[in-house]
1. Helix-derived [θ] at 222 nm for the chain: sum -39500 (n - 2.57) over DSSP H runs of at least 4, divide by residue count, nearest 500?
2. Calculate how steeply helix 16-55 sits against the longest principal axis of the alpha-carbon atoms of the chain, using the helix alpha-carbon long axis, and give the answer as 0 to 90 degrees to the nearest 10.
3. Answer with a single label: of (1) 3, 16, 21, 18, 13, 10, 8, 5, 3, 2, 1; (2) 3, 11, 7, 8, 8, 8, 8, 7, 7, 6, 5, 5, 4, 4, 3, 2, 2, 1, 1, 1, 0; (3) 4, 20, 29, 24, 16, 6, 1, which was calculated as P(r) over Cα pairs in 5 Å bins from 0, in percent from the structure in view?
């Protein structure tokens, strides 16, 4: 099996629909990967926020200010 320059430098022509299909498939794969990464990041940050809130003591309620009438 010898490789010739024709195999490397003259690929077969692709039809417009084939090019569109390849582009569409690639774009969908990238979007799916980004969505997965975003969801995992959101879950991680939510978990950290809930842990931090659980570790903090509840803040003391503020006293209500009364209006002074002159």
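1. Details: 2 runs with 45 residues, N = 70.
Rounded to the nearest 500, the figure is -22500 deg cm²/dmol.
2. Helix 16-55 sits at roughly 20 degrees to that axis.
3. Working out P(r) over Cα pairs in 5 Å bins from 0, in percent from the coordinates points to (2).
Here, each number is a calculation from the coordinates, and none is a lab measurement. Only a predicted model underlies this, so the values are computations on that prediction, with no experimental measurement involved.
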